[in-house]
Amino acid sequence: MADNRMTRRVFLKTGGAVVVGIGLGVHPGRRALAQTIPTADAFLGKSVAIDAVDGFLALHADGTVTLFSGKVDLGTGARAALTQMAAEELDVPVERIVMIEGDTALTPDQGPTAGSTGVARGGMQIRRAAATARQALLDRAAQRLGRPASGLEVTDGVIAPKGGGPGVSYAELVGDQRLNLAVDQKAPLKDPARFRVIGKAVRRRDIPAKVTGRHRFVHDMVLPGMLHGRAMRPPAVGAALLAVDEASVASIPGVRVVRIGSFLGVCAEREWDAVRAVKALKATWSPGTGLPEQARLYAGIRATPVVREEVLASRGDVTSAFAGGGRTLAATYEWPIQSHACMGPSCAVADVTSDRATIWTGSQSTHRFRTTFARILGLPQDKVRLIYLDGSGCYGMNGHEDAAADAALLSRAVGRPVRVQWSREDEHGWDPKGPPHLLDLRAAISDRGEVVAWNSEAWLPAPTQGLPNVPLLGPLAAGIAQPMGTFAGMIQQNVDPPYQYPNVRAVIHWIKDTPLRVSNLRGPGKMANSFAVESFVDEMAVLAGADPIEFRLRYLKDPRGIEVIRRVAARMGWTPRRRPQTADPKAPVLAGRGFSYVHYKHNENYVAMGMEVAVERATGRIRVTRLVCAQDCGLMVNPDCVRNQVEGCILQGLSRTLFEEVAFDRDGVTSLDWGSYPVLEFTDAPPLEIELVDRPTEPSMGTGEAAGTPGMRTAPLRPDRVKAALGA
């Protein structure tokens with residue numbers, strides 16, 4: 001944004017966005033910056049209403065526009081796409097728009113940036129607000145120019161007669177007034193045939209600074225008088241703090257020890273001193289509550305009490321179909337506990353006093369957590385401000401909010417701003433995890449090779465109804481009341497197949513709990529469920545004596561799904577086979593191919609994927625040598641951003657399928673570094689061939705998750721498991 005930021009001088013000249021700086025005060029000597037726009041605080045006091053155009057837009061006298069978005073850019077390019085959507089409906093060049101995002105004092109509450117809703121829902125809200133503004137400005141121009149609005153057109157923020165003649169700019173029309181408009185849900189959106197910006201690969205402004213190391217992340221946030229803090233976690237899950245020996249860190253200069261119940265932390269002027277202190281501090285803890293044996297994880301899941309059952313899908317008569325004869329196939333699939341495993345550990349900065357709090361965080365849900373932090377700190381909600389700054393990525397709730405809670409508790413205790421950066425051990429050991437999945441699948445195949453019946457059963461941790469957020473570690477240890485419970489996202493979706501089998505039943509056994517604290521992890525549940533469903537479809541195709549692609553198309557009616565499948569088959573040069581290729585028993589490397597398809601959530605993206613793989617017989621190592629993907633996500637606002645999203649999904653999906661699994665013992669997580677929790681490396685990444693299906697007249701569907709879902713029966717497919725399977 002640096003190339004397009006407004007100066008304070010320019011802002012004070014603007015007439016269309018006059019606001020009064022009220023509300024949250026800033027302590028003398030402290031400066032509360034929102035993102036990288038130094039004048040952002042001048043907007044304090046403006047409307048943040050979700051139904052007000054002024055909540056989203058401010059038009060300025062120099063022709064520039066400020067866009068206020070509750071949805072944030074988690075590193076995937078949403079900043080560019082959302083700006084394009086506003087520019088398109090306003091008919092203003094993208095270069096004239098700057099965006100403020102995820103600031104609870106300045107942006108509307110559009111809900112969390114999750115579930116691939118940033119562009120699909122948040123962007124549409126922005127388009128509606130911009131379309132409302134454009135229509136109102138056309139009406140104002142019609143009055144000033146003495147012409148009907150239907151005879152006017154907008155070009156680069158100037159409204160003029162269609163046949164030519166003098167016009168009037170937005171800046172001239174707005175003057176020193178706010179727009180004071182309610183968002184009109186019926187305001188006409190621009191016809192896709194007239195798009196000038198949407199659908200184009202507009203340059204991302206953040207990339208130059210990121211590739212040159214100059215981009216400002218939350219980790220780089222500095223406040224005057226700021227201390228560096230670290231929280232000390234217990235040696236075992238559930239352990240309580242019994243005693244602290246503050247003398248153990250007396251030799252480290254300027255260290256302050258903070259104890260609140262079982263929350264224990266340190267603050268220091270220098271970060272290295274805080275790191276040294278948290279390692280040297282001696283504390284006595286009670287025994288932990290104990291975790292189950294990892295080797296019995298799935299047996300324990302099956303034995304865990306079921307809270308309730310949910311019939312996810314029911315079609316035909318499954319019981320009678322299974323009883324009617326034919327061949328039956330059954331399989332159990334296991335998906336492990338996985339970490340968010342962010343490349344950079346979580347970080348946050350908090351400035352908390354007796355009457356207000358400002359917290360800078362990489363959270364993808366600042367508005368939701370504003371309520372949470374107000375409750376934790378015992379402050380009125382209007383005295384708490386969360387400001388989004390780029391973190392190291394998250395793809396679901398990772399440790400960002402926990403680090404922010406650590407910083408807030410420490411700041412309140414010491415009366416100064418505090419920056420908390422987790423260590424790698426903190427991140428791997430204490431971030432909330434993606435939950436394990438256990439699925440039993442069963443199918444009946446007729447003697448003619450037709451699918452007669454399908455039955456899915458899944459054991460998943462039950463979500464707590466109405467839970468505002470996953471309980472945070474710091475407040476939990478400090479004894480601060482929090483709503484308790486579990487939520488990991490819509491992890492039941494895609495347990496049932498996308499194919500039109502005549503008799504289908506899918507049941508979710510919602511179990512009471514899971515060994516480790518969980519939250520939503522990218523594509524919550526869908527990756528695990530699609531791994532099982534698509535693997536089982538392949539096994540069914542073998543039993544039916546059918547080619548895997550032909551077998552899928554036989555039961556697929558949706559033309560958009562059929563198209564992505566056919567695109568991948570054509571690009572791969574897929575040769576139909578009714579049986580898997582017979583491997584040479586003496587070959588050191590086995591070569592094969594695989595295929596999968598998903599209709600994400602059964603109502604969003606269509607994704608087909610084909611892979612060519614090599615398996616080393618001696619080691620069991622799998623290498624993907626070629627990967628072809630076709631994805632239909634409706635209208636593509638910025639094709640480059642879509643492609644980046646799809647590539648990221650695929651690579652993370654490969655990493656989670658081939659490598660990632662949280663290891664733990666009776667005390668806690670033991671996979672605390674990249675050696676014990678390996679992820680996909682550059683040498684493991686295959687060439688990616690991606691075809692994107694653009695449908696300008698269809699609604700946009702978010703691309704942040706779907707391509708990671710198409711996927712032996714136990715993941716990850718580690719070499720030792722593959723080698724054992726080959727031996728069997």
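Which of the residues belonging to the stretch 549-562 are closer than 28 Å to THR697 by Cα and either among the hydroxyl-bearing types (Ser, Thr, Tyr) or assigned to a helix (DSSP H, G or I) (or both)?
ARG552, LEU553, TYR555, PRO559, ARG560, GLY561, ILE562
Would a scan of the stretch 332-349 turn up a residue that is of a type outside the set (Gly, Ala, Ser), over 23 Å from SER519 (Cβ atoms) and outside any strand (DSSP E or B)?
No, the stretch 332-349 has no match at all.
Considering (1) of a type outside the set (Val, Ile, Thr); (2) under 30 Å from GLU425 (Cα atoms); (3) surrounded by 12 or more Cβ atoms within 10 Å (Cβ to Cβ); (4) not assigned by TED's automatic domain parsing to the domain that holds VAL349, say which one GLY213 fails and leave the rest.
Among (1) of a type outside the set (Val, Ile, Thr); (2) under 30 Å from GLU425 (Cα atoms); (3) surrounded by 12 or more Cβ atoms within 10 Å (Cβ to Cβ); (4) not assigned by TED's automatic domain parsing to the domain that holds VAL349, the lone unmet condition for GLY213 is (3).
Using the structure shown, decide if ARG566 is in a loop (DSSP other than H, G, I, E, B) and within 23 Å of PHE551 (Cα to Cα).
Numbers: in a loop (DSSP other than H, G, I, E, B): no; within 23 Å of PHE551 (Cα to Cα): yes.
No: the conditions fail for ARG566.
Name the single residue that is modelled with the highest pLDDT among those in the stretch 387-431 being among the polar types (S, T, N, Q) and buried (at least 24 other Cβ atoms within 10 Å of the Cβ).
As a first pass, look at the stretch 387-431 and keep what is among the polar types (S, T, N, Q): 392, 398, 411, 421, 423.
Imposing the further condition that a residue be buried (at least 24 other Cβ atoms within 10 Å of the Cβ) reduces the set to 398, 411.
On the way: ASN398: 93, SER411: 98.
Result: SER411.
Against the conditions (1) under 33 Å from the mean Cα position of the chain (by Cα); (2) at pLDDT 95 or above, where does GLY620 fall short? Just the number, please.
So the condition that GLY620 fails would be (2).
If I ask for residues that are among the acidic types (Asp, Glu) and more than 27 Å from ALA78 (Cβ to Cβ), which ones from the stretch 374-405 would you list? Steps first, please.
The first filter runs over the stretch 374-405 and keeps only residues among the acidic types (Asp, Glu), leaving 382, 390, 401-402.
Within the stretch 374-405, ASP382 is the sole residue that qualifies.
Taking the condition of being part of a loop (DSSP other than H, G, I, E, B) and either at pLDDT below 95 or of a type outside the set (D, E, K, R) (or both), how many residues in the stretch 224-240 meet it?
First, the residues of the stretch 224-240 that are part of a loop (DSSP other than H, G, I, E, B): 224-226, 233-240.
Keeping just the survivors that are either at pLDDT below 95 or of a type outside the set (D, E, K, R) (or both) gives 224-226, 234-240.
Final tally of qualifying residues: 10.
Return the only residue of ALA481, ALA546, ALA488, ALA541 being small (Gly, Ala, Ser) and outside any loop (DSSP other than H, G, I, E, B).
On the way: ALA481 fails: outside any loop (DSSP other than H, G, I, E, B); ALA546 fails: outside any loop (DSSP other than H, G, I, E, B); ALA488 fails: outside any loop (DSSP other than H, G, I, E, B).
Going through ALA481, ALA546, ALA488, ALA541 in turn, just one is small (Gly, Ala, Ser) and outside any loop (DSSP other than H, G, I, E, B): ALA541.
What are the pairs, 6+ residues apart or on separate chains, where a residue within the stretch 134-160 that is assigned by TED's automatic domain parsing to the domain that holds GLN177 has its Cβ under 6 Å from a residue that is among the hydrophobic types (A, V, I, L, M, F, W, C) and in a loop (DSSP other than H, G, I, E, B)?
GLN135/ALA187; ALA136/LEU181; GLY157/VAL92
Tally up the residues in the stretch 627-655 that are part of a helix (DSSP H, G or I), more than 16 Å from TYR395 (Cβ to Cβ) and acidic (Asp, Glu), please.
Keep residues of the stretch 627-655 that are part of a helix (DSSP H, G or I), which gives 639-655.
Filter once more, so that each one left must be more than 16 Å from TYR395 (Cβ to Cβ): 639-640, 642-643.
Filter once more, keeping what is acidic (Asp, Glu): 640.
Residues flagged as part of a helix (DSSP H, G or I), more than 16 Å from TYR395 (Cβ to Cβ) and acidic (Asp, Glu) within the stretch 627-655 amount to 1.
Can you name the residue in the stretch 135-152 that is of a type outside the set (Gly, Ala, Ser) and in contact with a Pro (Cβ under 8 Å, 6 or more places away or on another chain) and, of all such residues, is nearest to GLU89 (Cα to Cα)?
As a first pass, look at the stretch 135-152 and keep what is of a type outside the set (Gly, Ala, Ser): 135, 137-140, 143-145, 147-148, 152.
Then drop every residue that is not in contact with a Pro (Cβ under 8 Å, 6 or more places away or on another chain), which leaves 135, 145, 147, 152.
On the way: GLN135: 10, LEU145: 22, ARG147: 21, LEU152: 15 Å.
The extreme case among them is GLN135.
Within the stretch 252-267, restricting attention to residues that are of a type outside the set (D, E, K, R) and part of a strand (DSSP E or B), which residue is nearest to LEU473 (Cα to Cα)?
First, pick out the residues of the stretch 252-267 that are of a type outside the set (D, E, K, R): 252-255, 257-258, 260-267.
The next check asks that each one be part of a strand (DSSP E or B); those that pass are 257-258, 260, 263-267.
Numbers: VAL257: 18, VAL258: 15, ILE260: 12, PHE263: 9, LEU264: 11, GLY265: 12, VAL266: 16, CYS267: 18 Å.
Among those that are of a type outside the set (D, E, K, R) and part of a strand (DSSP E or B), it is PHE263.
Count, please, the residues in the stretch 599-612 that happen to be surrounded by 18 or more Cβ atoms within 10 Å (Cβ to Cβ) and either aliphatic (A, V, I, L, M) or more than 28 Å from the chain's Cα centre (by Cα) (or both). Walk me through it before giving the result.
So the first thing to find is which residues in the stretch 599-612 are surrounded by 18 or more Cβ atoms within 10 Å (Cβ to Cβ), and the list is 599-601, 604-611.
Keeping just the survivors that are either aliphatic (A, V, I, L, M) or more than 28 Å from the chain's Cα centre (by Cα) (or both) gives 607-609, 611.
Summing the residues that are surrounded by 18 or more Cβ atoms within 10 Å (Cβ to Cβ) and either aliphatic (A, V, I, L, M) or more than 28 Å from the chain's Cα centre (by Cα) (or both) in the stretch 599-612 gives 4.
Within the stretch 161-191, can you find the residues that are outside any loop (DSSP other than H, G, I, E, B), surrounded by fewer than 16 Cβ atoms within 10 Å (Cβ to Cβ) and more than 33 Å from the chain's Cα centre (by Cα)? Don't jump to the end; show me each part of the working.
Taking the stretch 161-191 and keeping what is outside any loop (DSSP other than H, G, I, E, B), we get 161, 168-174, 182.
If we keep only those that are surrounded by fewer than 16 Cβ atoms within 10 Å (Cβ to Cβ) as well, we get 161, 182.
Hit for the stretch 161-191 is PRO161, nothing else.
Would you confirm whether any residue within the stretch 341-359 is of a type in the set (Ser, Thr, Tyr), touching a strand residue (DSSP E or B) at 6+ places or on another chain (Cβ under 8 Å) and closer than 20 Å to GLN500 by Cα?
So the first thing to find is which residues in the stretch 341-359 are of a type in the set (Ser, Thr, Tyr), and the list is 346, 353-354, 358.
The next check asks that each one be touching a strand residue (DSSP E or B) at 6+ places or on another chain (Cβ under 8 Å); those that pass are 346, 358.
Filter once more, so that each one left must be closer than 20 Å to GLN500 by Cα: none.
No: zero hits.
So which residues in the stretch 115-132 are at pLDDT below 95, of a type in the set (Gly, Ala, Ser) and buried (at least 23 other Cβ atoms within 10 Å of the Cβ), if there are any at all?
SER116, GLY118, GLY122, GLY123
Of all residues being of a type in the set (A, V, I, L, M) and not in a helix (DSSP H, G or I) in the stretch 300-327, which is surrounded by the most Cβ atoms within 10 Å (Cβ to Cβ)? Just the residue, please. Reasoning before the result, please.
Residues of the stretch 300-327 that are of a type in the set (A, V, I, L, M), as a first pass: 301, 303, 306-307, 311-313, 318, 321, 323.
Adding the requirement that they be not in a helix (DSSP H, G or I) leaves 306-307, 311-313.
Details: VAL306: 12, VAL307: 14, VAL311: 10, LEU312: 17, ALA313: 14.
By that ranking, first place goes to LEU312.
Can you name every one of the helices (runs of 4 or more DSSP H) wholly within the stretch 7-90 that holds 3 or more residues which are at pLDDT 50 or above? Even if it seems obvious, please write down each step before you answer.
Numbers: elements: 8-13, 53-56, 78-90.
Fully inside the stretch 7-90 and qualifying: 53-56, 78-90.
On the given criteria, is HIS228 in contact with a Ser or Thr (Cβ under 8 Å, 6 or more places away or on another chain) and either acidic (Asp, Glu) or surrounded by 15 or more Cβ atoms within 10 Å (Cβ to Cβ) (or both)? Break it down stepwise before answering.
On the way: in contact with a Ser or Thr (Cβ under 8 Å, 6 or more places away or on another chain): no; either acidic (Asp, Glu) or surrounded by 15 or more Cβ atoms within 10 Å (Cβ to Cβ) (or both): yes.
For HIS228, the condition - in contact with a Ser or Thr (Cβ under 8 Å, 6 or more places away or on another chain) and either acidic (Asp, Glu) or surrounded by 15 or more Cβ atoms within 10 Å (Cβ to Cβ) (or both) - is not met.
Table: residues versus (1) in a strand (DSSP E or B); (2) under 30 Å from ALA321 (Cβ atoms); (3) charged (D, E, K, R).
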position	(1), (2), (3)
GLY396	no, no, no
GLU401	no, no, yes
LEU410	no, no, no
VAL420	yes, no, no
ASP426	no, no, yes
LEU439	yes, yes, no
GLY449	no, yes, no
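Within the stretch 351-364, can you find the residues that are assigned to a loop (DSSP other than H, G, I, E, B) and surrounded by 24 or more Cβ atoms within 10 Å (Cβ to Cβ)? Please lay out each step first, then the result.
Looking only at the stretch 351-364, we keep the residues that are assigned to a loop (DSSP other than H, G, I, E, B), and these are 353-356, 362-364.
Result: GLY362, SER363, GLN364.
Here are the criteria: (1) at pLDDT 90 or above; (2) within 32 Å of the chain's Cα centre (by Cα). Tell me which single one ARG204 does not satisfy.
(1)
The values are calculated or read from the model by the stated rules, or taken from the named source; none is laboratory data. The model shown is predicted, which means the values in this text are computed figures rather than measured ones. For neighbour counting, all protein chains shown are included, and Cβ atoms are generated from backbone atoms with ideal geometry for every residue, glycine included.
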